[in-house]
Amino acid sequence: MTSTGGTAEGTAAVVLVGGQGSRLRPLTSSTPKPMLPTAGVPFIGHLLSRIAAAGIRRVVLGTSYRAEVFADYLGDGSAFGLDLECVPEPEPLGTGGGIRHAAAALDPAFEEVMVFNGDILSGVDLGAVLAEHRAADADATLHLVRVPDPTAFGCVPTDASGRVEAFLEKTLNPPTDQVNAGCYVFRRAVIDAIPEGRPVSVERETFPGLLREGRRLQGHVESSYWLDLGTPAAFVRGCADLVQGIAPTSALPGPIGTSLLLDGAKTAATASVSDGTTLGRDVVVGDGSRVIGSVVMDGARIGDNVVVTRSVIGPRAVIGDETVVSDAVVGDDVTIGANCELREGVRLWPGLSIPDGGLRFSGSG
Ligand code: GTP
């Protein structure tokens, strides 16, 4: 990653990974969102690759939901070139409480801490965010991304010097297209002042409180790649963007291309796998089937003449011949018979079994 700005040596990072990921259920029933396989590796691997590339070494992960999964996978972080520690919360402390709790594991010599939501895929130049924070001598600096439809977000207007003016709730007529991108730089003392031992929302409590106190909050506004992987639709898009090189990462376990096939994945000669699809380990795709912009997890089997579009197929799931799966989530170990149709937001919970022709169904998100 190229950086246009400040050096990150001497800066530590906190990554928040403790959320329940409820919008991604049932995928997150067994695996926390930042550990879901995205383009062949747990999502956190892509984020950590970017943090390491920016020159940050010391990283603390604030864990809560399924905390043990992170520690098992990441260890001490040396495989990522990092000095990493997972710090479980005694109870979910929210985003602000999570930052406060995790940062307590950092040496006080780190006067500047970068904070990352653990579910954001972004191309922001981390060095440039740091440089802006230092140039503004800010108490905290927020990466603000410009989005085409700001009505879906709370927005954050800034003045001509980049100083944050307000934190506004979602509205139909937002005065700006700048939204909180889930990446911040904090002066250490600001983190230490977040109340301890209770849930705190950094977005709803900490930032508005700092603004009321007249503290300097800076916005680093830009419009590089940015995606919050919170929903199934965003998750499949983010995966496809990583595979195709649209989203930046140095953790892709293969070359950039139209698809990514992990070890042991097999496709029939007459099948096609496209638009950034990932086939996990030992996946089988049968004759005449098309898999488009989707994530097929380890050990899943797709029969003949199946069409899978923008969907997630969970580990070991089986999809029968002639079935259509579109904008859907199929949980772990689900078996779907032949000639079924799943469309628009259908989610099948792990272990379900659907007989041949047994499902012609649309869901709602
Ligand atoms: P949803 O339940 O689908 O909203 O997802 P989520 O639980 O991940 O919540 P959200 O997307 O709002 O969280 C933003 C970031 O903060 C994610 O990286 C979460 O893992 C993290 N997060 C949310 N709540 C907590 C918490 O209580 N503790 C910690 N350590 N992290 C949290």
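The values are calculated or read from the model by the stated rules, or taken from the named source; none is laboratory data. Worth saying up front: this structure is predicted, and the values here are computed from it rather than measured. Every residue, glycine among them, receives a Cβ derived from its backbone with ideal geometry; neighbour counts consider all protein chains shown.
General observations
- In this entry, E205 passes the filter for residues that are assigned by TED's automatic domain parsing to the domain that holds F116 and assigned to a helix (DSSP H, G or I).
- Those residues of the stretch 293-330 which are under 14 Å from D282 (Cα atoms) and either in the same structural domain as K33 (by TED's automatic domain parsing) or within 19 Å of the chain's Cα centre (by Cα) (or both), in sequence order: V295, V296, M297, I313, G314
- Of all residues making up the stretch 49-69, the number that are within 13 Å of the ligand (Cβ to nearest atom), farther than 17 Å from S29 by Cβ and modelled with pLDDT under 95: 0
- Odd one out for T206, checked against (1) modelled with pLDDT of 95 or more; (2) within 15 Å of the ligand (Cβ to nearest atom); (3) under 19 Å from S311 (Cβ atoms): (3)
- Residues of the stretch 18-47 satisfying the condition of being more than 13 Å from the ligand (Cβ to nearest atom), touching a helix residue (DSSP H, G or I) at 6+ places or on another chain (Cβ under 7 Å) and outside any strand (DSSP E or B): A39, H46
- Those residues of the stretch 217-232 which are surrounded by fewer than 17 Cβ atoms within 10 Å (Cβ to Cβ) and either within 16 Å of the ligand (Cβ to nearest atom) or not small (G, A, S) (or both), in sequence order: Y225, T231
- L144 vs. criteria away from the ligand (no atom under 14 Å from the Cβ), buried (at least 23 other Cβ atoms within 10 Å of the Cβ) and of a type outside the set (V, I, T): yes
- In this structure, D333 does satisfy being within 25 Å of the chain's Cα centre (by Cα) and part of a loop (DSSP other than H, G, I, E, B).
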